[in-house]
Each structure stands twice: as structure tokens, then as C-alpha cells.
Amino acid sequence: MTDQTFTPRVFSGIKPSGGLTLGNYLGAIKRWVEMQEDPTYETIFCVVDMHAITVWQDPADLTRATREVAAAMIASGIDPEKSVLFNQCRVSAHAELGWLLNCVARVGWMNRMTQFKDKAGKNTEKVSLGLYAYPSLMAADILAYHATHVPVGEDQKQHVELTRDIAAKFNHDYGRDFFPMTDPVIEGPAMRVMNLRDGSKKMSKSGESDMERINMLDDADTIAKKIKKARTDPEALPAEMDGLSGRPEARNLVNIYAGLAETTSEAVLGEFGGEGWGKFKPALAELAVEKLAPISDEMRRLLDAPDELDAIMAKGAEKAAAIANPILEETFKIMGFVR
């Protein structure tokens, strides 16, 4: 097996299933913007629309949601001149390599994927084959670009581990050091943003009440209102993190402040320790409006200009295909296909 040097390259994506929240921003998009500015990496960011259809999508909703995700990335600071930004279906290498990797991945590996079990529940006989097999498409998303690093949430780490298993098996079976061993990148104080009404639950676009979450399209007044009405407890903020034990709502708001202020939760407590919510919540609301309102304003402008958004994604797809297509062709060649 010959050694191969891989260009440090980041790949990550968001599924356009509607309604981006503060959790998407702090847990993913904001970090992508930071990685974009690191000269160590080439950065590729994708609206993974083909993953969305593993469950039924109304066509008009899929169109709208795809543009919303692209708008959120751009409004948050993803620069199409610095990063490759596109939607997945425009680059056929994803689907083609996905099939090739379906034939490398083992059924036993898929059976261990906890997210399938969580999403399918007791209804496993009636869900789509795509929902079962999509982790190998996710592996193709990554390996089509020989991506060396994937920023993910803790709940997606298993899929990067599967990608490594598939890459290792392909390399072993064909005697080539062809696909890299991709590393997951998991870091930061607000990696997991929780529900504003129940700090034990993750912030979700599908929650029962809109007051549970901050949507990326919320305007300044709505952002401030949701922060000020977020559930808390009667105690003042502690001076150290140990004092947040057993206080999930308090911990969540401190982590959100840290994520938005680009500092640590410890530093936030150093500033606000001993203070009550009457001081902290208005400060957090002001910070959230300062950071998020300009993003929501720009998102609305972009969504009112769909031709501009589509042109950006189309140009990005050309750049993406220029990287992925040669890797796909070499994969076919290694496997013995006559092209």
C-alpha cells in the first residue's frame, strides 16, 4: 500500500429540513466561519439536500429550506470566495460514490447506527431505505473531497467513525492508501445549545413552542423577548462552574452567552457571578440581538433574492465538482470499472 499525502480539507453540511436555530449557528455555522479563516484548511460547506428526502419532503418546502440554509451560511460569514458553498444535488459525485460505498459498507455497521434507531423508532419496516443507508451517503459526502476534518456535533461523531471504517476497508480491499482517515472536530463551550424552556432538552426546530428556541430568522424584538422569558431558577449566578450543577437552564444561558461573546463559560461567571437574572438576562438579550439580528436581516434580504442565492450555489457546485470528480473517477478505476 503506497502512502498518500492529503491536503488538509474541511467538509461539513446542514440538512435543509426547515427552521434553523441558534443551536445550528453556535454549534456549527459560527465554527465553520472560524475554520474558513484558518489558512491551514481548504473549506467546503454543503446544503445536504439529498439527505433531507430520507423522509418525505414537500417539494416547495425543500426548495425554501435549501435556500434558507444557504442564506444562513452566507449571512453568518461563510464567504463563497473563500470557501466552496453549494447544495449537494448539484454534484452527482455524491450519489455515485454513495452507491460505490454502499457496496463497501457492511450491514452490521449500519445496524449499529443509533440515529437510525432513534428516527425510525418501532416503525423500521415502513421507513425509507434511504433513512437506513444514508450514513454511507454521508461517508461519500466526506470522502468525495478527501476531507481530512469534519466539524460535527457529538451526536454525529458515530457517522465520522463509520466513514473511517469504510475508508479503511476500501483501502485494505484494494491495496491503496486512497481515502484519508477523516478526523471529527468537536470543541467549544456552546456546542450543544439547549431548550430555553427545558434545559434538559436540546434546542430543536420541532419543539412544541416557538419560545423554546431562537430561530435564525427571528428579528431583534423576538430575540430579546425569548431571552428575557427563558426559564431560570431563583438562585443568583455562581462564581464557578461547579455552582451550575443541577441547574440546566442556568448553565444553558451561561453557555449561550459564552458562545456569542467568543469567551468561556468560566469567564462569563467571573463577570456575572453573584448577580441575579435581572442583570444577566438583559445583558444576554443585548448581546444576542447585537450578534444575531444582522444575520437574520441579511438572511431575509437573500431569501428575497433567490436568483442571487441560486447563482452562488451553482458557482460553488462547479468548484466542488472540480475537486470531487477526479476522486470519483480514480475510485471507479481502482475498483476496475470500464469508463
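The values are calculated or read from the model by the stated rules, or taken from the named source; none is laboratory data. Keep in mind that this is a model prediction, so the values were computed, not measured. Glycine also receives a Cβ, built like all others from the backbone with ideal geometry; neighbour counts cover every protein chain displayed.
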Worksheet item: Tell me, which residue of the range 118-160 that is among the basic types (Lys, Arg) and without any contact (Cβ under 8 Å) to a residue 12 or more places away in the chain is nearest to residue 51 (Cα to Cα)?
Response: 126
Item to complete: Would you confirm whether any residue within the range 83-91 is in a helix (DSSP H, G or I), within 17 Å of the chain's Cα centre (by Cα) and surrounded by fewer than 19 Cβ atoms within 10 Å (Cβ to Cβ)?
Response: no
Item to complete: Read through the list (1) part of a helix (DSSP H, G or I); (2) within 12 Å of the chain's Cα centre (by Cα), then give the number of the only condition that residue 16 fails.
Response: (1)
Fill in: Selection count where residues are farther than 24 Å from residue 300 by Cβ and surrounded by 23 or more Cβ atoms within 10 Å (Cβ to Cβ), scope the range 11-43
3
Worksheet item: Among 274, 270, which is over 21 Å from residue 71 (Cα atoms), not assigned by TED's automatic domain parsing to the domain that holds residue 64 and not in a helix (DSSP H, G or I)?
Response: 274
Worksheet item: With 182, 163 as the choices, which residue is within 14 Å of residue 6 (Cβ to Cβ), in contact (Cβ under 8 Å) with a residue 40 or more places away in the chain and crowded, with 18+ Cβ neighbours inside 10 Å?
Response: 182
Worksheet, complete the sentence: Considering the range 177-188, residues that are in contact with an Asp or Glu (Cβ under 9 Å, 6 or more places away or on another chain) and not β-branched (Val, Ile, Thr), and then whichever is nearest to residue 262 (Cα to Cα), we arrive at 184
Fill in: Residues (surrounded by fewer than 17 Cβ atoms within 10 Å (Cβ to Cβ) and either touching a Leu at 6+ places or on another chain (Cβ under 7 Å) or within 15 Å of residue 144 (Cα to Cα) (or both)) located in the range 110-125
119, 120
Discussion item. Within the range 52-64, does at least one residue satisfy the condition of being within 26 Å of residue 326 (Cβ to Cβ), surrounded by fewer than 17 Cβ atoms within 10 Å (Cβ to Cβ) and not aromatic (Phe, Trp, Tyr)?
Written reply: no
Item to complete: Among the residues of the range 104-129, write down those that are touching a helix residue (DSSP H, G or I) at 6+ places or on another chain (Cβ under 8 Å) and among the aliphatic types (A, V, I, L, M).
Response: 104, 105, 110, 113, 120, 127
Discussion item. Just to be sure before I move on: is residue 263 hydroxyl-bearing (Ser, Thr, Tyr), surrounded by 14 or more Cβ atoms within 10 Å (Cβ to Cβ) and not in a helix (DSSP H, G or I) in the structure I sent?
Written reply: yes
Item to complete: Could you grab me the full set of residues in the range 58-73 that are free of Cβ contacts under 8 Å to residues at least 60 places away in the same chain and among the acidic types (Asp, Glu)?
Response: 58, 61
